[in-house]
1. Looking for whichever is surrounded by 12 or more Cβ atoms within 10 Å (Cβ to Cβ) and farther than 17 Å from Ala148 by Cβ here; the options are Pro213, Pro169, Pro182. Which one fits?
2. I'd like to check which helices (runs of 4 or more DSSP H) are fully inside segment 125-213 and have at least 1 residues that are within 24 Å of Leu223 (Cα to Cα).
Amino acid sequence: MEQEKEKKEEGLPPEDFPEEVPEPPPEPGEVKEEPPEELIRALESAEGEAEEETPSPGRWKRASRILLGVGIFGCLFGLVLGVYTLKGLLHPAGGKTRPVESSIPAETPAQGPLGSLPLPGRPEHTLVLKHFLIPLQSEGGAPVFIKASVVLYFTTQKEVLRARKLENPLRTIIYETFKNIPFYYWRSPEGVKKIRAALLKSLKERAPENLVPVSVEVTGYILK
């Protein structure tokens, strides 16, 4: 300072000090080089951001489990809802279910043909004579046939054996008796009872070797 003052005083110009020259701007296309420390910091920050953006495998597993659980719950809920809906349609609330009544009519007991009586179930000391075909005429004069069977009841088995030997004479008596009975007797059970009484009377009067049964049963079918 003292020298400058002395120079000023002496009338000499002061010495020029070098001024800081600014760096020229980079030319187009020229890449500015950065220090290695700044590059390292920039790479580390970029890797950190990438790690934050990329989800970890653990998160994916948890998310998939949650989605699977939600899907299963939704399926179960839909199934239960469908069952309740179907049950409500089949069984309305407040209504009692009634059993379905069959439209098939109950079977009625089989009835015998017109003018017939069932044969009794007494197998002891009996002789059954079948296949009597009696030609008759209806009230209007039309020809009809009666297919009849007769059961003769005896007191002992010896009488049954005798009746088997005398079957032809017995059948002749039965046939002639039926042939002389009017057709309308066969139309009702009451008429068949009269036929049975008439047959028993004929056997008592005309039985061969005095072989008279104690009782008789008659059944017949009207054939047109």
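Bear in mind these aren't lab numbers, they're just calculated from the coordinates by the rules spelled out. None of these values were measured; they are calculated from a predicted model. For neighbour counting, all protein chains shown are included, and Cβ atoms are generated from backbone atoms with ideal geometry for every residue, glycine included.
1. Details: Pro213 fails: farther than 17 Å from Ala148 by Cβ; Pro182 fails: farther than 17 Å from Ala148 by Cβ.
That would be Pro169, the only listed residue that is surrounded by 12 or more Cβ atoms within 10 Å (Cβ to Cβ) and farther than 17 Å from Ala148 by Cβ.
2. On the way: elements: 157-165, 167-179, 189-206.
Passing ranges, in order: 167-179, 189-206.
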